[in-house]
Amino acid sequence: MSRDDTLHTGLRVAGLGAAATTGALIGFGVRRGAPVAVLSAAGDRLRGLPAFVAPDRSLGPSALLGLAHHLALVIGWALLFALVAVPMRGPRRGAARAVLAALVATVAVTADALLPSWLCLSAGVASAPQRALLALALAASLLAGMPLAQQSE
């Protein structure tokens, strides 16, 4: 498979990952009474403001920044996943991709423990249970997205 095919597969997988994880983040906000609360808090943190102090209840600048950041990170993590997963061959390819998807998703939601918070999905403002759900959504979408993306080529 060529580098262009890997890129296209990664972008298709990223689309599914972005849909799944953005939906989860909006769901977390719905529980707070403001669908974009987590995205807004992430945008605030990225701007150097304290998260959740006065979360934007509408799709304002902080929420848009949080959404753009989230989409960029999901695309980056999905491309990294595709770069390693696409060339995998052999009978254990599915299991290897599952382990890789779990690893990428875990790093994506916990990156702020070792790296700057801007490398973490939701800029590190999600709670531990929310991070677990985000990791599950990202891993499942990465894993499910591979055969879907490769079918359409």
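The values are calculated or read from the model by the stated rules, or taken from the named source; none is laboratory data. All values reported here derive from a predicted model rather than from experimental measurement. Neighbour counts run over all protein chains shown; Cβ positions are idealised from the backbone, glycine included.
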Checking the structure you have, find out if any residue of segment 25-32 is part of a helix (DSSP H, G or I), buried (at least 24 other Cβ atoms within 10 Å of the Cβ) and in contact with a helix residue (DSSP H, G or I) (Cβ under 9 Å, 6 or more places away or on another chain). yes
Checked Leu134, Leu143 against criteria (within 20 Å of Leu67 (Cα to Cα), within 17 Å of the chain's Cα centre (by Cα) and not aromatic (Phe, Trp, Tyr)); the one match is Leu134
Conditions: (1) buried (at least 22 other Cβ atoms within 10 Å of the Cβ); (2) at pLDDT below 90; (3) among the aliphatic types (A, V, I, L, M). Ala42 meets all but one. Number of the miss? (2)
Can you find a residue in segment 5-19 that is part of a helix (DSSP H, G or I) and touching a Pro at 6+ places or on another chain (Cβ under 9 Å)? yes
Quick one: what pairs do we get from segment 125-136, first residue under 11 Å from Gly27 (Cβ atoms), second surrounded by 15 or more Cβ atoms within 10 Å (Cβ to Cβ) and not polar (S, T, N, Q), C-beta under 6 Å, 6+ apart or different chains? Gln130/Phe28; Leu133/Ala24; Leu134/Ala24; Leu134/Val109; Leu134/Leu121
So Phe52 ticks every box in (1) at pLDDT below 90; (2) of a type outside the set (D, E, K, R); (3) more than 15 Å from Ala126 (Cα to Cα) but one. Which box is left unticked? (3)
Can you go through Ala37, Ala18 and tell me which one is over 21 Å from Leu142 (Cβ atoms) and either buried (at least 18 other Cβ atoms within 10 Å of the Cβ) or of a type in the set (D, E, K, R) (or both)? Ala37
